[in-house]
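A.B. asks: Pasting in a structure now, in structure tokens, and then I'll have a few things to ask.
The values are calculated or read from the model by the stated rules, or taken from the named source; none is laboratory data. In this text, all values refer to a predicted model and were calculated from it rather than measured experimentally. Ideal geometry is used to build each Cβ from the backbone, glycine not excepted, and the neighbour counts take in all protein chains shown. Please note that ligands, DNA and RNA were not included when accessible areas were found on the heavy atoms of the full protein model with its side chains. Shrake-Rupley method; radii C 1.70, N 1.55, O 1.52, S 1.80 Å.
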Amino acid sequence: LRGGPLRFVLAMAALAAGCGGSAGPRGPPPAEPAGVARPLTAYQQLGFLAGPGFFPAVATFSTLAGPADSTYVLFGLSLPNSALRFQRDEIGFFAEYSVILMFARDSVILRQDHRREAIRIGTFAETARTDESVVFQHLSVVAPGPYEVTVRVSDAHSSRGFRAVDTLDVPAYGPGAVVLAGPIVAYDGRPRAGRADAPDLILNPRRTATYGGTAPRVYIEAYGATAPVPVLLTIYDEVDNAVWRERTTLVEGDSALRAALVDLPAGTLPLGKLFVEIAPAAGPPARPEARAATPWRSPLLVSISDQWLVSNFAEVVDFLAYIGTPAEVDSLRSGPPAERKRLWDAFWERRDPLPATPANEYRDEFFERVRYATEQFSEPGGLPGWKTHRGEVYIVLGPPAFTQERYVGQEEYVGRPNAIEWSYQNVPGGRIALLFLDRTGFGRYELTPASLSAFRSLADRLKAAPAARVGS
């Protein structure tokens with residue numbers, strides 16, 4: 001386990017044979033609430049291998065030059081702890097999972113590899129983590145060419161898992177003109193000395209960075225260059241606008257292999273689906289139709305968390321309006337892109353309950369509340385859960401200490417209760433009880449006028465004094 005906000009159980013397998021390549025298109029993803037999407041949907045749209053909601057695994061393939069005429073294929077798999085069933089032992093808690101890769105061509109299975117991995121953690125709370133907490137890596141040496149690969153991932157102590165089939169094209173990195181490989185999105189690593197050396201990388205299988213968080217990194221290699229290789233890195237948004245561009249030089253290595261691990265500008269990248277592209281630095285940037293065919297391109301998702309994806313900064317500001325003052329929200333909404341990182345950091349620093357720790361616990365809790373509200377409180381008519389009255393209250397105050405179903409304006413015990421009362425014990429001013437009433441009978445719960453007035457008054461006090469914490 002690694003310390004800090006992102007902790008991994010890392011399983012690496014270096015196998016003698018196998019295959020991989022760029023993932024092909026997949027079937028249509030499930031519908032998501034407007035304005036907020038689960039990243040699993042975005043991964044599926046971008047061609048990643050992705051499991052179902054109850055087993056939200058994400059897998060990707062990358063390639064680099066291998067020994068002689070072969071190619072290294074890197075398979076990366078990302079899982080949350082909550083996808084697995086943990087068992088208790090004398091040390092703490094452990095889980096086991098297996099990964100099977102079957103490689104075929106013309107319906108003939110050429111190789112089947114089976115790995116079984118164990119995870120150990122110290123506390124029960126860690127078993128419920130829903131963020132990325134497990135990264136599995138598998139390194140294969142294969143001959144270039146097309147393959148069909150089947151991926152099966154299974155929890156050893158339950159029936160959970162997923163299966164996916166994809167077509168993979170393993171490129172050749174043979175002799176000739178200078179050839180680039182990458183960009184591979186990675187958490188960490190270092191350049192290797194030669195083609196025969198195994199890559200020393202910790203992959204980022206989801207190719208995801210948290211907005212305002214640690215800078216994402218990409219790994220790049222070049223082959224056949226007698227001198228350091230200048231490379232142009234460009235990041236494009238979904239509509240093909242260049243949002244960032246910078247030149248770097250691959251210095252380390254020799255004519256057989258030159259490499260670099262490059263930090264991308266986390267603070268200035270917009271939210272949403274982006275694409276990182278590398279190209280020889282000589283000459284003007286390629287036109288869109290030429291870029292579409294290049295293999296030197298990788299998706300990069302910039303999100304408020306690894307569990308939720310919004311398409312632009314304005315949507316995040318809509319969330320923050322629940323807890324921010326009008327002046328703060330206006331500055332975030334109207335501030336120029338170059339100022340957003342500073343404004344974002346200032347907003348959360350004002351609300352950080354433990355400034356001495358590297359994480360901002362309140363920020364993490366806030367976006368977890370947004371996630372929960374969106375999932376649990378959606379209502380008829382397509383209204384996403386975070387926009388409902390129950391969603392707003394949950395995001396601002398958190399889970400109530402007590403909930404009670406009630407009958408309001410109708411004879412008791414006739415039909416289902418038409419009201420829900422949430423009670424909070426530890427709020428500024430003491431206890432508060434909020435009543436949500438379903439006036440239409442179709443499951444749309446709205447605060448009564450008195451409860452709405454009391455809640456908005458409390459919310460305004462909390463906005464003015466963000467250090468005040470609300471507990472149930």
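A.B. asks: Of these, 181, 198, 193, which one is under 28 Å from the mean Cα position of the chain (by Cα), open to solvent by 30 Å² or more (accessible area, probe 1.4 Å) and not charged (D, E, K, R)? Walk me through how you get there before you give the answer.
C.D. replies: Numbers: 181 fails: open to solvent by 30 Å² or more (accessible area, probe 1.4 Å); 193 fails: under 28 Å from the mean Cα position of the chain (by Cα).
Checking each option against the conditions leaves just 198.
A.B. asks: Select from segment 241-274 the residues that are assigned to a strand (DSSP E or B) and closer than 30 Å to residue 332 by Cβ and list them in ascending order.
C.D. replies: At the first step, the residues of segment 241-274 found to be assigned to a strand (DSSP E or B) are 242-250, 252-253, 258-263, 272-274.
The answer is 242, 243, 244, 245, 246, 262, 263, 272, 273, 274.
A.B. asks: Which residues, counting only those in segment 240-268, are closer than 23 Å to residue 43 by Cβ and at pLDDT below 80?
C.D. replies: 266
A.B. asks: Look through 167, 208 and report the one residue that is polar (S, T, N, Q) and either modelled with pLDDT of 90 or more or open to solvent by 50 Å² or more (accessible area, probe 1.4 Å) (or both).
C.D. replies: Just one listed residue meets the conditions, 167.
A.B. asks: Under 7 Å between Cβ atoms, which residue pairs at least 6 apart in sequence (or on different chains) link something in segment 347-374 that is closer than 17 Å to residue 329 by Cα with a partner that is among the hydroxyl-bearing types (Ser, Thr, Tyr) and in a helix (DSSP H, G or I)?
C.D. replies: Sorted first by the residue in segment 347-374, then by its partner, the pairs are 351/362.
A.B. asks: If a residue has to be charged (D, E, K, R) and touching a Phe, Trp or Tyr at 6+ places or on another chain (Cβ under 8 Å) to count, how many in segment 153-165 make the cut? Give the steps one after another, and end with the answer.
C.D. replies: Filtering segment 153-165 for residues charged (D, E, K, R) gives 155, 160, 163.
Those left that are additionally touching a Phe, Trp or Tyr at 6+ places or on another chain (Cβ under 8 Å): 155, 160.
The number of residues fulfilling the criteria is 2.
A.B. asks: Which of the residues spanning segment 284-328 are open to solvent by 50 Å² or more (accessible area, probe 1.4 Å), within 30 Å of residue 180 (Cα to Cα) and at pLDDT below 75?
C.D. replies: Passing the criteria: 284, 285, 287, 288, 289, 290, 292, 293, 295.
A.B. asks: For segment 212-237, name all the residues that are part of a loop (DSSP other than H, G, I, E, B), in contact (Cβ under 8 Å) with a residue 40 or more places away in the chain and either open to solvent by 10 Å² or more (accessible area, probe 1.4 Å) or closer than 16 Å to residue 261 by Cα (or both).
C.D. replies: If we filter segment 212-237 for residues that are part of a loop (DSSP other than H, G, I, E, B), which is where we start, we get 212-216, 224-228, 237.
So of that shortlist, the ones also in contact (Cβ under 8 Å) with a residue 40 or more places away in the chain come out as 212-216, 224-225.
Across segment 212-237, the qualifying residues are 212, 213, 214, 215, 216, 224.
A.B. asks: Turning to a different aspect of this structure: Residues that are closer than 30 Å to residue 315 by Cα and in contact with a Phe, Trp or Tyr (Cβ under 9 Å, 6 or more places away or on another chain), at least 3 per element: which strands (runs of 3 or more DSSP E) completely within segment 380-444 meet that?
C.D. replies: 419-427, 430-438
A.B. asks: Now, a different point. Would a scan of segment 62-73 turn up a residue that is at pLDDT 85 or above, open to solvent by 10 Å² or more (accessible area, probe 1.4 Å) and within 20 Å of the chain's Cα centre (by Cα)?
C.D. replies: Yes, segment 62-73 contains at least one residue that is at pLDDT 85 or above, open to solvent by 10 Å² or more (accessible area, probe 1.4 Å) and within 20 Å of the chain's Cα centre (by Cα).
A.B. asks: For segment 103-121, name all the residues that are open to solvent by 30 Å² or more (accessible area, probe 1.4 Å) and more than 24 Å from the chain's Cα centre (by Cα).
C.D. replies: 105, 106, 107, 108, 109, 110, 111, 112, 114, 115, 116
A.B. asks: Which residues, counting only those in segment 323-357, are out of contact with any Leu (no Cβ under 8 Å at 6 or more places or on another chain), farther than 27 Å from residue 132 by Cα and in a helix (DSSP H, G or I)?
C.D. replies: Those that are out of contact with any Leu (no Cβ under 8 Å at 6 or more places or on another chain), farther than 27 Å from residue 132 by Cα and in a helix (DSSP H, G or I): 326, 327, 330, 333, 334, 337, 338, 339.
A.B. asks: Out of (1) touching a Phe, Trp or Tyr at 6+ places or on another chain (Cβ under 8 Å); (2) at pLDDT 90 or above, the odd one out for residue 146 is which?
C.D. replies: (1)
A.B. asks: Quick check: is even one residue across segment 358-371 under 17 Å from residue 316 (Cα atoms), among the β-branched types (Val, Ile, Thr) and not in a helix (DSSP H, G or I)?
C.D. replies: Looking through segment 358-371, none of the residues is under 17 Å from residue 316 (Cα atoms), among the β-branched types (Val, Ile, Thr) and not in a helix (DSSP H, G or I).
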